[in-house]
1. From the Cα trace of the chain, what convex hull volume per residue do you get, rounded to a whole Å³?
2. With Cβ to Cβ distances under 9 Å as the rule, what net charge do the other residues near Tyr210 carry (K, R +1; D, E -1)?
3. Most fluctuating residue of Gly54, Gly215, Gly156 in a GNM of the chain with Cα springs under 10 Å: which is it?
4. Please list, or write none, the aspartates and glutamates whose alpha carbon is within less than 15 Å of the alpha carbon of Lys286, excluding same-chain residues fewer than 8 places away.
5. Order by neighbour count: Phe218, Phe207, Phe127, fewest other Cβ atoms within 10 Å first, most last.
6. For the chain, find the longest principal axis of its Cα atoms and tell me its angle to the long axis of helix 316-328, 0 to 90°, nearest 10.
7. Mean-square fluctuation check for the chain, GNM, Cα pairs under 10 Å: which of Lys304, Lys56, Lys253 is largest?
8. Do the sum for the chain: with -39,500 (n - 2.57) for every DSSP H run of n ≥ 4, divided by all residues, what is the mean residue ellipticity at 222 nm, to the nearest 500 deg cm²/dmol?
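Each value in this text was obtained by applying a stated rule to the coordinates, not by laboratory testing. Remember, predicted model here, so these are calculated numbers, not experimental data. Note: ideal-geometry Cβ built from the backbone for every residue, glycine included; neighbour counts use all protein chains shown.
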Amino acid sequence: MANLTKKDTLGQQKEIFHADPVQGMEAVEQALHQAVSDSHHFTNRICTELIEAGGKRVRPLLVLSAAQCFGSLNQETIYTAVACELIHMASLVHDDVIDLSKTRRNRPTLNVQIGNHASVLVGDYLFAKAFEILSTNKLLASMNLVVEAIGEMCDGEIVQASNKFNLDQKVEDYYSRIYKKTGILIAACCQAGAIVGGAGEQEIEAFREYGMNIGYAFQIIDDLLDFTGKEKDLGKPVGCDLREGNITLPILKLIKQEEYKKWLQSIFFQGNVSKSQYFEILRLLKDSYALEETYQEAVVCVEKAKAALGQIKNSPNKQTLMDLADKIIRRKN
């Protein structure tokens, strides 16, 4: 496998190499470190710690696997994967500042460690590095996709913030919001991978459909785990969304019954949810089958995602994408 040097990261070489997903992810990890290596030692230390804190690395895996459905893995694909992961990392840093989060992956959040002001700047720095990689390597199609995604992600967060404790929302509103918050960046990763892999227009659209639906499933399961997960698995307290007033699909399922909606409105009118109220809401969610109905919607989204890849030629990388879709509905964190 080609060795990604600093020169490589700046786009001076175009060597093609063959790699399985594991080897490709190793190259991504190396390139992530290289992307921040020229920063001030404090910035470098902070960014290195963020990278080494790990994460699922779903987005770069999507880029690599989509690209390799059409050809050998090349360094443009690595650049695209790295840029997508840096954008995701930046968004998490900013999310933790906005949400006043204390922990992520069982570790203190960056805003707890260095304060909100510096954390926002670190997020901005990661965004800048992502765009430096895309622009230096003239990956304009990928850049256009992620620029659109970032705009929609911000819009989704604004919409969510403006609807805290608002029970007059529809399921359609929820899907629109989670597409902006989660689905569009995942779809962009899949499309960008297909583009650098040399896919045709219909195939790129198939990957958009796949990415959008696994994005839906990912966020639905995330919202479900806010009620059913365990803190040690999630790496953060359960019930955060509800206590912050974010109305997610399980609650929308529950308030289909008018008596539950009126009861919840009386609680939300206070602008907070106590611990005892949270457990009562959790009991109602279980008794009303709202949690099971929510899970089944995630299953439907996964099946739609897999069906979208029906026109893509069978290969180990396509199978990786199919398996990833299945894993989303089994995850615990």
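1. 123 Å³
2. Cβ neighbours under 9 Å give a net charge of +2.
3. Fluctuation is largest for Gly54.
4. Correct list for Lys286: Asp223, Asp226.
5. With the fewest neighbours first, Phe218, Phe207, Phe127 line up as Phe127, Phe218, Phe207.
6. 20 degrees
7. Between Lys304, Lys56, Lys253, it is Lys56 that shows the largest mean-square fluctuation.
8. Dividing the helical sum by the residues of the chain leaves -22500 deg cm²/dmol.
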